[in-house]
1. How well do other chains shield peptide A:276-289, expressed as the mean number of their Cβ atoms within 10 Å of each residue Cβ?
2. What distance in nm lies between label points placed 7 Å from Cα along the C-beta direction at B:K15 and B:T42?
3. Grab the other residues whose beta carbon is less than 11 angstrom from that of B:S324, score K and R as +1, D and E as -1, and report the net.
4. Distance check, please: which entries in A:K15/A:K85; B:K72/B:K240; B:K183/B:K306; A:K286/A:K340; A:K72/A:K271; B:K340/B:K373 exceed 20 angstrom between their Cα atoms?
5. Assuming 1.306 mPa s and 10 °C, estimate D for segment B:188-236 with Stokes-Einstein, Rh taken as the Kirkwood radius over Cα pairs, in µm²/s.
6. Taking Rh as the Kirkwood radius computed over C-alpha pairs, what is the Stokes-Einstein D of chain A at 37 °C in a medium of viscosity 0.692 mPa s, expressed in µm² per second?
7. Convert 37 °C to kelvin, take the viscosity as 0.692 mPa s, use the Kirkwood radius over C-alpha pairs of segment B:189-285 as Rh, and evaluate the Stokes-Einstein diffusion coefficient in µm²/s, rounded to a whole number.
8. Return a whole-number percent for the relative contact order of chain B, with Cα pairs under 8 Å and 6 or more residues apart as the contact set.
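Coordinate-derived values only; no laboratory data. Everything numeric here is computed off the predicted structure, so don't read it as measured data. Here the Cβ positions follow ideal geometry from the backbone for every residue, glycine too, while neighbour counts run over all protein chains shown.
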Protein chains: 2
Amino acid sequence: MTKNSGSVGLVRPQKIAFEQPLALQNGQVLPRFDLMVETYGTLNAAKSNAVLICHALSGNHHVAGKHADSDKHSGWWDNMVGPGKPIDTNVFFVIGLNNLGGCHGSSGPLSNNPETGKAYGADFPMITVKDWVQTQARLADYFGINVWAAVIGGSLGGMQTMQWAIDMPERVRHAIIIASAPKLSTQNIAFNDVARQAIITDPDFYAGHYQEHQTLPRRGLRIARMMGHITYLSEDGLGKKFGRALRNDDYQFNYDIDFEVESYLRYQGDKFAEIFDANTYLLMTKALDYFDPAVDFDDDLQAAFKHISAKCFVVSFSTDWRFSPERSHEIVRALIAAEKSVQYLEVLSQHGHDAFLMEDAAYMRGMHVYMGKIAKEVA
Amino acid sequence: MTKNSGSVGLVRPQKIAFEQPLALQNGQVLPRFDLMVETYGTLNAAKSNAVLICHALSGNHHVAGKHADSDKHSGWWDNMVGPGKPIDTNVFFVIGLNNLGGCHGSSGPLSNNPETGKAYGADFPMITVKDWVQTQARLADYFGINVWAAVIGGSLGGMQTMQWAIDMPERVRHAIIIASAPKLSTQNIAFNDVARQAIITDPDFYAGHYQEHQTLPRRGLRIARMMGHITYLSEDGLGKKFGRALRNDDYQFNYDIDFEVESYLRYQGDKFAEIFDANTYLLMTKALDYFDPAVDFDDDLQAAFKHISAKCFVVSFSTDWRFSPERSHEIVRALIAAEKSVQYLEVLSQHGHDAFLMEDAAYMRGMHVYMGKIAKEVA
C-alpha cells in the first residue's frame, strides 16, 4: 500500500467549452457556456464504464483527490470515489462537474457576460434540473459517452439523477438516488425562501450586482448557511456532538458565544460566506424548489417514471429530516408501481442529511456492493 | 347568549410599579421596574382562585378580550380564557402580564433608563426565567395572593411554570406545563442563535441602539421571525395548508413570489418586524437558551423537582417538533420519579408547536376538565 492507496491522487480540473446555444427551461437561450470538469480513472474502449457524479447545493467538480500535495482537504466525495473505493476508479471512468450556474469555474453569475463585458451577476439566467441534464448530456457527447454506466447523486444531485433517467432513458443504465426527494416539501421551500430573503435583503446584495460594488452579501449568505447547516444535521447528532456544552465556565449574559454549537455554526457561516457566490446559492435553491418531474405527468410520479429504463438504487438515512426516508419511499413506491427495477437501502445513521457525504458502514457497503454489480456488467 | 358570551369583553391593561430593587441572575440589580398587567374575573375573598398566565417568546399581558370594540383581534389566548372557557373567568381571577424585558409596556429595552435619560436599548439587563418568577411573585404580593390556584404557560411560558413550582413550591397549587421542555436541545439553541445573528448583523441594529438612530433592524427581525415561524408549524400542517401551490399559473424564474408559502412567511416576517422590539426578541431567546432548572441539581431533573408541591398537568402535541412530545415525557418521567402528582395529555394535532394556541378538541377538553377540578378546590 502506497501513501496514495485509495486516493485518486493529484488531479487537474479542465474547463470544457460548449459553443452551441442552449435553450433553457425559463425560455432564455444561453449562447455558449463552459463546464469545469474533473475525471478519474480511464474510459474503456467500449465507453461503457462512465459514471457521472451530480453535485448538491454547494458542491462542485472537485469530487476526489487533491489539486496539490499541500491541499488540506480532498474532493468532497473522496471517501466514495477512488481506487478500491465504492465508486472504484480502477473500474470506472468517473466525471465530476461544476453545474451550470455554479461558482467554481463553470459558466455562472461570476462569469463574464459577453453582452455587457461585465460579470453576469444577477443577470445569469435561472437554471433548472432539466437544464443541467441537457448540459451534462453535452458533456457526455464531448467524451463520446452514449450511455452512462451510472448517474449518481445525493440530495439535489439525486434529483438530477432522476431527471436523467426520465429525460434520457436510453442513456442511463443505473440511477443511484441518495438522500433525495421527488420534489421539495412546503417546509423545504419555506426554509429556502428564508435563506434567499436573508441574502436578497442584505444591503450589500445590490440586487445581485455586488461585484460591481466591490462587496459581497456576507451577512445574508452567512445566515442562510447557518440555518441550512442546522437542517443538514440530525437533532440527535447535533445533540450528541455539542449538547449544551458551554464555551466558558458559565453563562456570559451577553450575545457573544455561550454554547459551543453557536461557535460551530458561526464558523461554518463565516467560512461559507467568503467562498461561495450568493447568486449561485440563490439559483441552486430555486432549482431545488422547481424540481418536480411529476408535474408534467398530471402530478403522477409513477407516470413520470413510466419510460425510464435505468435500474435504480435508492438510499436514505434514518435521521435525515430534510429529505426523510419517507421521501425516498415515495420514489421507491412510484418505481415499483411503474414496474421498474429498484433496490432500496435505508441506513441507520446519526448524521442527518449530511450522511450522504459520511461513511456509515451500511451505506459504504451498500454502495460498494451495488457498484460491484455494475462493474461486472461493464467488464 | 349575548354577543360577548364567552368573552371577557372590553379590558384595560394597568401598569404596576415595583419600586424595590431587583437582584437579577446575571448579577445586576434593577433599581425599579414596571409590569404591564391585565386581569379577568374577580379575586375571591380567600384569594384562592388566582391563576397566572405566563407568556411565550412573543406574547404579552393582553391574554383575552379586546381593548376597544373596533379591535380586529382579541387577546392571544382568548379561546382559552373567558366566561365558560377552559380557564373560566366566572370561577378564576386570571392575571396576564408582559414579562420584564418585554416590549409591551413592562420595563424593558424600550423603557427609559434613569441613568441616561434615554431608552435602555441594548443596555437593558439580560433577564432569565428565574428572574421572571421573582417579578411574578412580587406581582402576586401586590394582589395579596399567597398561593396561585394555578400557574399556566405554553412553550417558554411552561418553563416559567416549572421554575415557579421549583423556586416557590409553597405558592403553586397546580402547574400546567404545555408544549414545553425541561431545557432547550442543541438544535433549539442553534436556531435561536441564527435568529440572533440575523438581528445583530443587520446594519440597522447599531449594537442594539437602533432607536437612537431612528431606525429598526427590520431585515434581521424579519428573517428571525420567518425562520421561527417554520419551526412553530408542523411539516404536515404546512404541507396541508400550502402544499406547492403557486401564486401565479407557472414558475416566475425570478426571486419574487412563486409559492404561496413564500408569500405567507414574508407577510408574517414583515408584520412582526414592525411591531416587535428586536432587543426584546434577543433577550427572550436567551432566556430560553439559559433555562435549565436541573443544572443546579447536578443535571438531575428529578432532584430539581424533589421539593415541588404543585400538582402538575403536562400537555404536548404530536406534531410539535420544536418541543416534541418526547421533551414533555422527560418532564413527566422526572415528576413520576420524584413521586409527584402528574397528569399527562398528548394531543394528536396538525398544528405543530403553535397547537398550544389552537383549539384541538382533545386539548380544549383536557384543559376544561383539569381546570374544572381546580375550580372545585377553590369553590
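1. Going residue by residue through A:276-289 and averaging, the value is 1.
2. Here the answer is 3.0 nm between the modelled labels.
3. Details: positive: B:R322, B:R327; negative: A:E235, B:D320, B:E326, B:E330, B:E346.
Spelling it out: positives minus negatives among the neighbours equals -3.
4. Values: A:K15/A:K85 26 Å; B:K72/B:K240 26 Å; B:K183/B:K306 17 Å; A:K286/A:K340 29 Å; A:K72/A:K271 15 Å; B:K340/B:K373 17 Å.
Exceeds cut-off: A:K15/A:K85; B:K72/B:K240; A:K286/A:K340.
5. Details: Rh = 11.3 Å.
Answer, rounded: 140 µm²/s.
6. Details: Rh = 21.4 Å.
Using the Kirkwood radius from Cα pairs, D works out to 153 µm²/s.
7. On the way: Rh = 14.5 Å.
Reported coefficient: 227 µm²/s.
8. Working: 762 pairs, mean separation 64.0, N = 379.
Over chain B, the number comes to 17 percent.
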